[in-house]
Amino acid sequence: MFEIKERPKMVERALLVAMYTDPAERAGTESLLAELGELTATLGIPVVGQMTVLVRRPQARLFAGSGKAEEICRQAAASRAEVIIFDNELSPAQQRNWETLAGITVIDRQEVILDIFGRRARTREAKLQVQAARLEYSLPRLTRAWSHFGQQAGGIGGKGEGETQLEIDRRLMRAQLDRVKRELVEVHQRRATQRKERQRVPVPNAAIVGYTNAGKSSLLKRLTGADVLVEDKLFATLDTTTRRVALPNNQPLLLTDTVGFVRKLPHRLVEAFKATLEESVLADFLLHLLDGSHPQVAEFYQTTLAVLEELGADRKRTVTVLNKIDRLHDVAQRKALLARFPDAVCVSVKTGEGMDELLHRMAGLVADRTQVVELLLPQSASAAIARLHRHAKILATEYVGDEVKLSVLLSNRLLREYAGFRVY
């Protein structure tokens, strides 16, 4: 099997560079560069310097002009950096040109995120998704691994030019990518079967979505008691976790944590994780969790909406949840935040503030889908009782003479069918 090196593991000192073309973009560029610093720190790579570079006339070879490029290389040498990490997406050719010019490893934001995903993946599905994304990213960049193209002996009897090592590796990578995609299809089919089994019983479901590190796993743990990893890191968890939560009206709800989003999330990763993120598409409603204490909360909100739109989940009923509200001690700050998000629920997963309001809001969203009712049926109605066991959720059973009293979670469709047996 062809192995892909995770290059950032091989370095210890990084220079971060962000190039932009419009002076009005400077503040946004600096913000993205700071986020790149957090992503780099997640990999455990020390940052020895940061540069924002205005490029008035982008060049095909390096994006930056020769003067700016030399300045970046001098800074890398002066800070003894072992890798230059660009916040910009570099083409394979630009990446090779930068490495030739600088004489050190050069990567971009995409490769950093891919490596983080590679380290965070725990389930087989997540590992396969990351592997597929990494292979697709690395295939056009394979020439970076070779300084010469030694040829293999070709044909029967040694005649013919044969294949270069590069061609062999490309063929091996394509074969590996095909195998990974086949395995992913099998995993997705099993996931669909599991989801179909869940949907057999009419328990509504919701998905927690939001920017990375907003507190999604912490919220799931607070609401359901789920044993999930909670860390103050970007992309601390990649694998979805579904747990049951009891709402105030005794209505059960399945709540799913999803992978976090980030600005400039590589499209291939959105594609790779669509099977995981489709929990958002299939959910009855979404909890859009935001870090209310972050100064760029509005931008993070728009980033998540953009990814949801790409997934086709942007029109779902959504509860906006402003987390970490305990960090906002200024009343004016809270008022400004609520003016921006007037329908939001303010919570603190850490202190528990606002949790009751959130649960009641969630209960209201599923109240029209299912109901918990009492039914009284004759024990002789075995077919009707069996149908309830197949298509509803039996919460309690009590035998009263020749009748059976059932506490049942019913969909509205079944409720109409069993209306004659309902106990009021």
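Data table
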quantity: Cross-link pairs K127/K393; K181/K264; K264/K335; K221/K335; K181/K393; K264/K324 - those with Cα-Cα distance over 32 Å; calculated: K127/K393; K181/K393
quantity: Neighbour-count order for D330, D284, D22, fewest beta carbons within 10 angstrom listed first; calculated: D330, D22, D284
quantity: Cα pair distances of segment 370-423 binned at 10 Å [whole percent]; calculated: 26, 65, 9
quantity: R0 of 22 Å, Cβ-Cβ distance R124-D178: FRET efficiency to nearest 0.05; calculated: 0.80
quantity: Extension gain from A336 to N250, taking 0.36 nm per residue of separation minus the Cα-Cα distance; calculated: 27.5 nm
quantity: Dipole of segment 7-117 [Lys/Arg +1, Asp/Glu -1 at C-beta], most positive-end residue of T40, G103, Q50; calculated: G103
quantity: Potential extension, A34-E99 segment - 0.36 nm per residue separation minus Cα distance; calculated: 21.1 nm
quantity: Packing rank of 56-63, 122-129, 26-33, 254-261, where each peptide gets the mean count of other beta carbons within 10 Å, highest leading; calculated: 254-261, 122-129, 26-33, 56-63
quantity: Cut-off 15 Å (backbone N to label point 7 Å along Cα→Cβ of A367), residues of segment 242-257; calculated: 247-252
quantity: Dipole moment magnitude, nearest 20 debye, segment 1-140 about Cα centre, only Lys, Arg, Asp, Glu C-beta charged; calculated: 260
quantity: Karplus-derived 3J(HN,Hα), 6.51/-1.76/1.60, for each residue of segment 47-63, Hz, glycine and proline x; calculated: 9, 9, x, 9, 9, 10, 10, 7, 10, 6, 10, x, 10, 5, 5, 10, 6
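Bear in mind these aren't lab numbers, they're just calculated from the coordinates by the rules spelled out. These figures come from a predicted structure and were not determined experimentally. Cβ sites come from the backbone with ideal geometry, for glycine too, and all protein chains shown count toward neighbours.
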